[in-house]
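Below is one structure, written out as structure tokens; the observations come after it.
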Amino acid sequence: MSYRVGLTGGIGSGKSTVATLFAELGVPVVDTDAISHQLTQPRGAAIPAIRAAFGDDFIDATGALDREKMRQLVFSDFAAKQRLEKILHPLIFTQARFLAESSAAPYVMLVIPLLFETQEYRHWLHHTVTVDCAEETQLARATRRNGLSEQTVLAIMAQQLSRTQRLQFADDAINNDGTLTELRLQIAQLHQRYLELATRSN
Ligand code: ADP
């Protein structure tokens, strides 16, 4: 069975970029955001439960989750946010587990934005790594990429763990304040380390 490494970091820290660099080295990547999107597509496994809990209004004409409507609701209604997470999180975890445990690679990389905020993953993962950069860098990159306002990104950052907390919890940190070349170098080194950890754990 593959060794399981969880990759986390705040919004705009560079998780997707890092995951792509690991994938380029041949590492299978399981992305929990992508799983969440699949679950809420037309005929997605989460649609019936979302319809039952929130009503037809939150399902669009194609049968998918109306993402924008739901985003607005959960932004202002904490109970609704919890209700949605109670539906989605177990389904995401089940699918992530299935994908990771059916891999034959030495190790798999799981991208989990809220790794330390949720309970499911911590005991199941063998190792964790956080992508770390200055909050100003995070803010600049996240606003540029998503076209989100600074205010929205700051609100999302406030709901996530702080940079310091993530660094405390994670086994490793990847610094992403520098260039992509510098990032690539760190990933190459970590890749060797994870191959060794995977071999040792067998
Ligand atoms: P996350 O998945 O953590 O939200 P992304 O990997 O999508 O973050 O990165 C956010 C944005 O910043 C993307 O547009 C990405 O291309 C860019 N980016 C990430 N790392 C770097 C870097 N080292 N140098 C320049 N741009 C970067």
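The values are calculated or read from the model by the stated rules, or taken from the named source; none is laboratory data. Source: prediction; values computed, not measured. Backbone-built Cβ (ideal geometry, glycine too); neighbour counts: all protein chains shown.
General remarks:
Okay, residues lined up against (1) farther than 30 Å from GLY55 by Cβ; (2) assigned to a helix (DSSP H, G or I); (3) out of contact with any His (no Cβ under 6 Å at 6 or more places or on another chain); (4) at pLDDT 95 or above:
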| residue | (1), (2), (3), (4) |
| --- | --- |
| LEU125 | yes, no, yes, yes |
| LEU154 | yes, yes, yes, no |
| GLN165 | yes, yes, yes, yes |
| ILE174 | yes, no, yes, yes |
| GLY178 | yes, no, yes, yes |
| ARG184 | yes, yes, yes, yes |
| GLN189 | yes, yes, yes, yes |
| LEU195 | yes, yes, yes, yes |
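- Within the set ARG163, ARG83, the sole residue that is surrounded by 15 or more Cβ atoms within 10 Å (Cβ to Cβ) and closer than 20 Å to LEU65 by Cβ turns out to be ARG83.
- Wholly enclosed helices (runs of 4 or more DSSP H) of the range 1-69 bearing at least 3 residues within 11 Å of the ligand (Cβ to nearest atom): 15-24
- Residue match in the range 119-136 (condition: among the polar types (S, T, N, Q), under 30 Å from GLN82 (Cβ atoms), surrounded by fewer than 18 Cβ atoms within 10 Å (Cβ to Cβ) and free of Cβ contacts under 8 Å to residues at least 40 places away in the same chain): yes
- The C-beta contact set for the range 139-164 (first residue on the phi < 0 side of the Ramachandran plot and within 14 Å of the ligand (Cβ to nearest atom), second residue part of a helix (DSSP H, G or I) and among the small types (Gly, Ala, Ser), distance under 7 angstrom, 6+ apart or interchain) comprises LEU148/ALA142; VAL153/ALA142.
- Near pairs, Cβ below 8 angstrom, 6+ apart or cross-chain, from the range 19-37 (surrounded by 15 or more Cβ atoms within 10 Å (Cβ to Cβ)) to any residue that is of a type in the set (Asp, Glu): ALA19/ASP31
- Enumeration of residues in the range 38-94 that are modelled with pLDDT of 95 or more and aromatic (Phe, Trp, Tyr): PHE54, PHE58, PHE93
- Selection status of PHE98, surrounded by 18 or more Cβ atoms within 10 Å (Cβ to Cβ), among the aromatic types (Phe, Trp, Tyr) and part of a helix (DSSP H, G or I): no
- Hey, ASP177 touching a Cys at 6+ places or on another chain (Cβ under 6 Å) and within 15 Å of the ligand (Cβ to nearest atom) or not: yes
- In the range 96-108, the condition of being within 11 Å of the ligand (Cβ to nearest atom) and in contact (Cβ under 8 Å) with a residue 60 or more places away in the chain is met by no residue.
- Taking the numbered list (1) among the acidic types (Asp, Glu); (2) within 13 Å of the chain's Cα centre (by Cα); (3) in a helix (DSSP H, G or I) in turn, GLU117 passes all entries but (3).
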